[in-house]
Amino acid sequence: MTASTLIQKTYGRLIYNNGWEIREAAPHVSIKLKNLFRKIPEYAVPPYCLADTHEIAADLCWFIQRYPFQMSDSDYMLLKQNSDAYERNIAESEQILLPNWEPMYSSALLKGTPRHYQEQFAQIILKHYVAICGDDVGLGKTYAGVTTLCSGEMLPAAVVVQTHNQKQWKEKIEDFSHLRAHIVKSKKPYNLPPADVYIFKYTSLAGWTDIFAKGIFKAVIFDEIQELRTGTKSDKGVAASILCRHVTYKIGLSASPIYNYAAEIWNIYDILHEGSLFSYGEFMREWFNGYKDKDGKALCSDPQALGSYLRERYLLIRRTREEVGRELPPLSTAIYTVDYDEAAVASHEDMLKKLAQKTLYAEQFFERGQSGRELDMRLRQITGISKARYVAEFVKVMLDNNEPVLLAGWHREVYNIWLEALKDYKPMMYTGSETPKQKEIAKKAFISGETNLLIISLRSGVGIDGFQFNRCSTAVFGELDWSPEVHNQVTGRLRRDGQEKKILQVFLLSEYGSDPVITDVLGIKASQSDGVLNPERSIFKTTNFDDSRVQMLARKILNEKKTRTSGYLFCNMRL
């Protein structure tokens, strides 16, 4: 009995033509098809063309059970085979992620022995081609990436990293495997030497787009993939998108792919594999449902559901320390209010009030936006400066007790005050102003004990390794960032494998300026990120807040609205 004889009533005609082509479909069936296959435009009429993928075959197979189509026997058998292959792939993927799964072989390209969960991630990539490894900070995502490159035909490969992590990646690749790694040193293309892995900086990607388009790489790893959260609005995002379109395997690594709001995740996945989270409009409609703050920032209406979806589709593979049995010493959080220099504040008061007035009441939208951005920058800077000496006095107490300190800040003017106040302690710097060589010198000096104080930029705390080996267990935040994941990354430099001491993170807050407002906003952002990354354990409920962050700063300055400091932020400081 053939497929055609099994069907008595049909609702259309389906053929295989280097893809699946729906030649005919009844009007009501067309509506159903467009609901299922969102890439078919609403205005389109048959024929509808669908890609030749196993997932689409599985969806079509399910659809024709309800609405049978006319098909040739050979096309039906191909559709069924591809659908069965998809179902097997899902079943095998589920088996891979079980605790008792054992790999079939060990790659001869590896020197080191991967952990069980690192090998699991490598096998998932071989089956699904695209995924982000979102394992907790310190679980060895770099080694998961190297293990993956050694697991199949993925060479030559490109690895894209932040500027200060190129050397660290090269060392880890060559220590853990037999792969040859080359650090790409220029933004302009040159004749690359023979190697297995080429390590690019995000800042140099745009210059290599013509090379990427030639398809010479088989795989790409984006370390700290949150760098692509603005999508193709940036040159590096455009270049990354071109690179991804010309490789087979696309891998992201980050314990915090969402730095701010959950909508960023669409930009990242659309670069990795266009359409993997549908169109932007569909993504926003289904997952955000018009849920926004008054600044127009989209808030995910159900972060837990989005996180579960990413896992079910094997787009996000995330393991916590509890899940893999690699516990770290506990993390303690201390929150202190420090004094601020009232004279420094008073000298800027008139300027801040003028900016606040323009931010709230200027007639032109452009002028309100420009004033708001300047207000944000100036008030955060003045807040940091006004409390800088009191932060330094606090840190002195720790240093006098021979306690190494990682001191995090953001503004150069704040660093200068700290450097002067703490000069007797021989501070070293790891910020955006140092060259990669200078950063490496500072890192080694801190690790070796030449200094007990390393001043680090809040956003330079990503991907650095080596501080945790019983060297330092205290992070002090002298300034705050708008993103809770930035704080998590800084503390994560200390709370990782090799650390035996209890970790202390200290937040030094001022009652003046931007600190009270930032703590409120961070509570919202923390709930978005935690809901997506940890849907099964999230305790946060997303709520709208009354004003945008810049408007809150402006209203606080003009005393139009009392802003309170929220302890809500610090509930989410676990790693």
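Numbers for the structure displayed
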item: Percent of alpha-carbon pairs separated by more than 16 Å within the range 245-317; result: 50 percent
item: Size descriptor, Kirkwood hydrodynamic radius, that averages inverse alpha-carbon separations across the range 63-110, Å; result: 13.9 Å
item: With all protein chains modelled, accessible area of residue 175 [1.4 Å, Å²]; result: 110 Å²
item: Convex hull of Cα atoms in the range 1-145, direction-averaged projection (nm²); result: 12.3 nm²
item: Among 100-108, 422-430, the order from most to least packed when residues are scored by Cβ within 10 Å on average; result: 422-430, 100-108
item: Of 172/236; 167/214; 396/437; 214/250, pairs whose Cα-Cα distance is over 21 Å; result: 172/236; 167/214; 396/437
item: For a label point 7 Å along the Cα-to-beta-carbon line of residue 336, residues of the range 379-414 with backbone N under 15 Å; result: 387-408
item: The range 157-297 - percent relative contact order, Cα under 8 Å, separation 6 or more; result: 21 percent
item: q = 0.14, 0.20, 0.24 Å⁻¹: log10 I(q)/I(0) that the Debye formula gives for the range 209-287, counting C-alpha atoms only; result: -0.43, -0.85, -1.16
item: Gained length - residue 377 relative to residue 235, 0.36 nm times residue gap less alpha-carbon distance; result: 48.7 nm
item: Förster radius 35 Å - calculated FRET efficiency between residue 344 and residue 441 (Cβ-Cβ, nearest 0.05); result: 0.60
item: Cα pair distances of the range 191-341 binned at 10 Å [whole percent]; result: 9, 33, 28, 21, 8, 1
item: Accessible surface ranking that places the most exposed of 55, 153 first, with a 1.4 angstrom probe; result: 153, 55
item: Percent accessible area from carbon and sulfur atoms, the range 379-513, protein chains only, probe 1.4 Å; result: 48 percent
item: At R0 = 35 Å, FRET efficiency that the Cβ-Cβ distance of residue 419 and residue 206 yields, to 0.05; result: 0.55
item: Listed residues 10, 232 arranged by accessible area, highest first, probe 1.4 Å; result: 232, 10
item: Cα shape, the range 172-239, gyration tensor, a/c 1.5 rule; result: oblate
item: Rounded if a/c under 1.5, otherwise prolate or oblate - the range 64-155, Cα gyration tensor axes; result: prolate
item: Computed FRET value (nearest 0.05) for residue 426 with residue 26, which takes r as the C-beta separation and R₀ as 60 Å; result: 0.15
item: Residue 332 long-range amide H proximity, modeled H, under 5 Å; result: 503, 504, 505
item: Cα-based shape type of the range 126-269, given that a ≥ b ≥ c are square roots of the gyration tensor eigenvalues and the cut on a/c is 1.5; result: rounded
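The values are calculated or read from the model by the stated rules, or taken from the named source; none is laboratory data. The model shown is predicted, which means the values in this text are computed figures rather than measured ones. Note that each Cβ is placed from the backbone with ideal geometry, even for glycine, and that neighbours are counted across all protein chains shown. For accessibility, only protein heavy atoms count, side chains too; no ligands or nucleic acids. Shrake-Rupley method; radii C 1.70, N 1.55, O 1.52, S 1.80 Å.
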